[in-house]
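A quick write-up on the structure given underneath.
The values are calculated or read from the model by the stated rules, or taken from the named source; none is laboratory data. Note that the structure is a prediction, hence the values are computed from the model and not measured. Positions of Cβ are backbone-derived with ideal geometry, glycine not excepted, and every protein chain shown enters the neighbour counts. Calculation scope for accessible area: heavy atoms of the full protein, side chains included, ligands and nucleic acids excluded. Shrake-Rupley method; radii C 1.70, N 1.55, O 1.52, S 1.80 Å.
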Amino acid sequence: MTETLADFRRRVADFLAHHGCPAGAAPSRSRRPADHVAAARVHQRALADAGLAGITWPVEVGGLGLGPEYRQAFAEESAGFETFSAVFTIGLGMCGPVLLALGTADQRSRYLPPLLRADEVWCQLFSEPGAGSDLAGLTTTAVPDDDGGWRIRGQKVWTTYAHHSDRALLLARTDPGKAKHRGITMFVLDMTAPGVTVRPLRQATGDAEFNEVFLDDVRVGPDDVVGAVDEGWRAATLMLMNERVALADNPIGSPVTLDAVVALANRTGRTTDPVVRKAVADAYVAQQQAELFARRIAGEVRVGRDPGALASIGKLAAGRLATQVSALALEVAGPDAVAWDPADPDGGLWAYGELYAPSLSIAGGTEQIQRTVLGERVLGLPREPQADRDVPFRELRRG
Amino acid sequence: MTPYTDEHDQLRASVRGLVRTDRSRARENTGHDVTLWRRMCDELGVAGLAIPEVQGGAGFGVVELAVVAEEVGRANLPSPFLTTAVAGLALAAAGEDVGAIARGERLATVSFSPDGRHVPDGDVADVLVLVDVTGASVEVVELGGVPRTALTTMDLTRGQAHLDLRGAPRREIDVPAHRVAALAATLLACEQIGGAERVLETSTAYASQRVQFGRPVGSFQAVKHLLADMLVDLELARSAQQHAVALAADTGTSAPVLDAASRTARAACSRAFTRISSDGIRVHGGIGYTWEHDAHLYFRRARASAVLFTPGDDADRLAAYAGLAS
Ligand SMILES: Cc1cc2nc3c(=O)[nH]c(=O)nc-3n(C[C@H](O)[C@H](O)[C@H](O)COP(=O)(O)OP(=O)(O)OC[C@H]3O[C@@H](n4cnc5c(N)ncnc54)[C@H](O)[C@@H]3O)c2cc1C
């Protein structure tokens, strides 16, 4: 018998009351990153133990086999609690769904249960120094070896949480004789395998969440191919679609929320300034729209519809909103936002938010790319002429 | 979640089929098409759609009104639908005799300006519902003998008049002012979404077909991204609008929740329709700037709608809903 939605909600609320971590109470992602990841793992394991992980995933892989309305209910109950989305969006929101859709029975039973329990954290090895927006231009290669496996050589970059990850989904070129989108394969990669070197990169905020990853003759087995050889672009597209949905659904937002800015204004007495009131009203309207849109998309998923490229709107909305709210924070905080007493525990928050905001317009596909996606796939506008579509990859001009 | 079901699609198709016939009227600025209005009332019962059957209406609700408002906005139809639907429903809720309003024979309108200035459809209305949101009171004013000055309007699709209400007989009626205000704001948002949606469609179609430099102009990123931004504005605003419709349709919605949602929807949709209709002109180039093209009619409506029904304290209230102390 399926648990009723009301019973499920009660169970979630009960879990959160005992094990939930109120937003802001977890170790700071920015200042105590390792503790944040450790707390995230503990939280996810507790969720799994309570029978609340993998709500829509099949029972065979440790999920609950429930409909999307249960996931929505979970999200609603979790409002105000830390969800550790920065740590888990890639694994649970992106890699998991790809393995569910394209993985072999063996891959699903081997990788999904530990992913759900956070025994293994996953990362996304897609972007390269020479292939960002133009992801299909990647040059990391996988060359067959004698026993049916592959040797991987190349470099990845901007890999979020690679330094905390156990496994990855990786894209590599398996046939440079085919057109750029047709000679790519997706692999599961063990991040502890010999030849994998992870070097954290410092970001504009000063944090080091993303990394460069060097792949020096790393061996993967024949069972590590996800989907079919040379059909990795399909898998990549599926993953990127899930990325947009996940980000629209549960944006990995800036720590500077409108609530925090309003609280600051109330504390500092900047509440009657009509400029501030108007700016707060504008930000409130923007925030409401972004939230209601995310709910609409979740509703579409709930009734089994593919929100597809529309999720790009949610991504753009999240980016715009973060920019608007962090700018408002600087307006309200004034000079304190840009210079603070080192003893003040909340001192750097507003500057951090302002520095964080641009990342939302780049990660997961830049604003420009999202607009092109919307223009071509939602509005059906004619594509740009593409010089590289049907030419064998090795003959393409690059650089 | 969308408040609409398959039955609403049928209503939508019926309204769309009917209002398509009227195109050039707005440009001539001759007011609404009385013949079309009669057909909308006789064939589809739009004037009394949400008025209970015992009072002579069709007994549907706010969601159905929303569908019609979207279609009226889409067609940019000069029509008293919005004002008479809002005022008629308020009068019906107060137990007034609304039979003739439900049939569309008498036109009611609604205004939030106590001085009788800038009353929408004030040039044609027979009765006025005057709402004082701050004082939480609603009055009804018969407009028979009231002197009026029909105004020259930027928006060629909705008339306005200054009404001289001194000496006009007024009577307070028993209906919650905030509900009337929320319905007006919400249905206006529906009109705006309909208009914005149409502008985006025609602009997209034009950009796909107009060729310059040997390519459809919509294949140029500058144009494509402009259209994509229009889509983003539209869909974000639509989420706020649909949310407000769903809450307004639910009689159990509390006053502050309804007020916040309807003000949010109006602010979002005003901004979206303004930007979209303005960029719609740009996407069309020179032809979009001609009198004969519809683009300026939508832009005119967008600019005028953005200041319609505004009690003037929107930013202040919205900031308060965001939690800002006053
Ligand atoms: C915080 C953060 C986390 C990230 N995490 C990951 C991760 O975990 N895994 C991963 O694989 N990647 C990750 N990325 C990488 C991200 O996906 C890329 O940075 C992004 O896709 C852009 O690629 P690029 O950096 O090479 O920029 P480029 O593609 O070089 O873009 C430079 C500029 O050119 C514009 N541009 C490029 N092509 C076009 C075009 N066709 N039309 C119009 N404009 C164009 C872009 O919009 C941008 O403004 C992350 C990035 C950030 C910032």
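For the stretch A:314-324, the count of residues that are more than 12 Å from the ligand (Cβ to nearest atom), touching a strand residue (DSSP E or B) at 6+ places or on another chain (Cβ under 6 Å), modelled with pLDDT under 95 and open to solvent by 80 Å² or more (accessible area, probe 1.4 Å) is zero.
Of all residues in the stretch B:254-304, which are over 21 Å from B:Leu231 (Cα atoms) and part of a loop (DSSP other than H, G, I, E, B)? Walk me through it before giving the result.
Looking only at the stretch B:254-304, we keep the residues that are over 21 Å from B:Leu231 (Cα atoms), and these are B:254-263, B:286-287, B:289-293, B:304.
Matches in the stretch B:254-304: B:Ser254, B:Thr290, B:Trp291, B:Glu292, B:His293.
Among residues of the stretch A:141-167 that are hydrophobic (A, V, I, L, M, F, W, C), those with a Cβ under 6 angstrom from a residue that is away from the ligand (no atom under 16 Å from the Cβ) and open to solvent by 40 Å² or more (accessible area, probe 1.4 Å), sequence gap 6+ or separate chain, pair up as A:Val143/A:Arg151; A:Trp150/A:Pro144. For the stretch A:340-399, filtering for residues that are within 14 Å of another protein chain (Cβ to nearest Cβ) and of a type in the set (Ser, Thr, Tyr) leaves 3.
Do the conditions hold for A:Ala311, that is, is it within 15 Å of the ligand (Cβ to nearest atom), touching a residue at least 40 places away in the same chain (Cβ under 8 Å), buried (at least 16 other Cβ atoms within 10 Å of the Cβ) and closer than 30 Å to A:Ala204 by Cβ?
Working: within 15 Å of the ligand (Cβ to nearest atom): no; touching a residue at least 40 places away in the same chain (Cβ under 8 Å): yes; buried (at least 16 other Cβ atoms within 10 Å of the Cβ): yes; closer than 30 Å to A:Ala204 by Cβ: yes.
When the stated conditions are applied, A:Ala311 does not pass them.
Among the residues of the stretch B:161-175, is there at least one that is within 24 Å of the chain's Cα centre (by Cα) and in a helix (DSSP H, G or I)? No, the stretch B:161-175 contains no residue that is within 24 Å of the chain's Cα centre (by Cα) and in a helix (DSSP H, G or I). Does B:Thr202 satisfy being touching a residue at least 60 places away in the same chain (Cβ under 8 Å), surrounded by fewer than 21 Cβ atoms within 10 Å (Cβ to Cβ) and β-branched (Val, Ile, Thr)? Against the criterion (touching a residue at least 60 places away in the same chain (Cβ under 8 Å), surrounded by fewer than 21 Cβ atoms within 10 Å (Cβ to Cβ) and β-branched (Val, Ile, Thr)), B:Thr202 qualifies. Output the residues belonging to the stretch B:214-272 that are within 16 Å of the ligand (Cβ to nearest atom) and farther than 28 Å from B:Asp316 by Cα. Matches in the stretch B:214-272: B:Arg215, B:Gly218, B:Ser219, B:Phe220, B:Gln221, B:Ala222, B:Val223, B:Lys224, B:His225, B:Leu226, B:Leu227, B:Ala228.
Number of residues in the stretch A:168-186 that are part of a strand (DSSP E or B) and polar (S, T, N, Q) equals 1. Say whether the condition of being away from the ligand (no atom under 11 Å from the Cβ) and surrounded by fewer than 15 Cβ atoms within 10 Å (Cβ to Cβ) is met by at least one residue in the stretch A:345-360. Within the stretch A:345-360 (the criterion being away from the ligand (no atom under 11 Å from the Cβ) and surrounded by fewer than 15 Cβ atoms within 10 Å (Cβ to Cβ)), the answer is yes, since at least one residue qualifies.
Look through the stretch A:129-152, keep the residues that are out of contact with any strand residue (DSSP E or B) (no Cβ under 8 Å at 6 or more places or on another chain) and farther than 17 Å from A:Leu396 by Cα, and return whichever of them is nearest to the ligand (Cβ to nearest atom).
Of all residues in the stretch A:129-152, those out of contact with any strand residue (DSSP E or B) (no Cβ under 8 Å at 6 or more places or on another chain) come to A:130-134, A:146-148.
So of that shortlist, the ones also farther than 17 Å from A:Leu396 by Cα come out as A:146-148.
Working: A:Asp146: 30, A:Asp147: 29, A:Gly148: 27 Å.
Checked the stretch A:129-152; the qualifying residue nearest to the ligand (Cβ to nearest atom) is A:Gly148.
When B:Ala50, B:Ala85, B:Ala66, B:Ala94 are checked against the criterion of being touching a helix residue (DSSP H, G or I) at 6+ places or on another chain (Cβ under 8 Å), of a type in the set (A, V, I, L, M) and open to solvent by 10 Å² or more (accessible area, probe 1.4 Å), a single residue qualifies: B:Ala50.
Given the stretch A:44-158, what strands (runs of 3 or more DSSP E) lie entirely inside it while holding 1 or more residues that are small (Gly, Ala, Ser) and either open to solvent by 10 Å² or more (accessible area, probe 1.4 Å) or within 26 Å of A:Gly24 (Cβ to Cβ) (or both)?
A:150-157
Candidates B:Gln160, B:Gln192: the one that is open to solvent by 10 Å² or more (accessible area, probe 1.4 Å) and either in contact with a strand residue (DSSP E or B) (Cβ under 7 Å, 6 or more places away or on another chain) or within 14 Å of chain A (Cβ to nearest Cβ) (or both) is B:Gln160.
From B:Ala222, B:Ala255, B:Ala265, which residue is in contact with a helix residue (DSSP H, G or I) (Cβ under 9 Å, 6 or more places away or on another chain) and either open to solvent by less than 10 Å² (accessible area, probe 1.4 Å) or without any contact (Cβ under 8 Å) to a residue 12 or more places away in the chain (or both)?
Numbers: B:Ala222 fails: in contact with a helix residue (DSSP H, G or I) (Cβ under 9 Å, 6 or more places away or on another chain); B:Ala255 fails: either open to solvent by less than 10 Å² (accessible area, probe 1.4 Å) or without any contact (Cβ under 8 Å) to a residue 12 or more places away in the chain (or both).
The conditions single out B:Ala265.
The criterion of at least 1 residues that are outside the structural domain of A:Leu264 (by TED's automatic domain parsing) is met by the following helices (runs of 4 or more DSSP H) wholly inside the stretch A:285-399: A:367-373. Just wondering, is there one or more residues in the stretch B:163-173 that are in contact (Cβ under 8 Å) with a residue 60 or more places away in the chain, closer than 30 Å to B:Gly116 by Cα and surrounded by fewer than 24 Cβ atoms within 10 Å (Cβ to Cβ)? Checked against the condition, which is being in contact (Cβ under 8 Å) with a residue 60 or more places away in the chain, closer than 30 Å to B:Gly116 by Cα and surrounded by fewer than 24 Cβ atoms within 10 Å (Cβ to Cβ), the stretch B:163-173 yields at least one hit. Scanning the stretch A:79-110 for residues that are of a type outside the set (Val, Ile, Thr) and within 16 Å of A:Arg234 (Cα to Cα) turns up A:Met94, A:Cys95, A:Gly96, A:Pro97, A:Leu99, A:Leu100, A:Ala101, A:Leu102, A:Gly103.
Could you tell me how many of the residues in the stretch B:176-226 are in a loop (DSSP other than H, G, I, E, B) and under 22 Å from the mean Cα position of the chain (by Cα)?
Narrowing the stretch B:176-226 to residues in a loop (DSSP other than H, G, I, E, B): B:176, B:210, B:213-214, B:220.
If we keep only those that are under 22 Å from the mean Cα position of the chain (by Cα) too, we end up with B:176.
Residues in the stretch B:176-226 being in a loop (DSSP other than H, G, I, E, B) and under 22 Å from the mean Cα position of the chain (by Cα): 1 in total.
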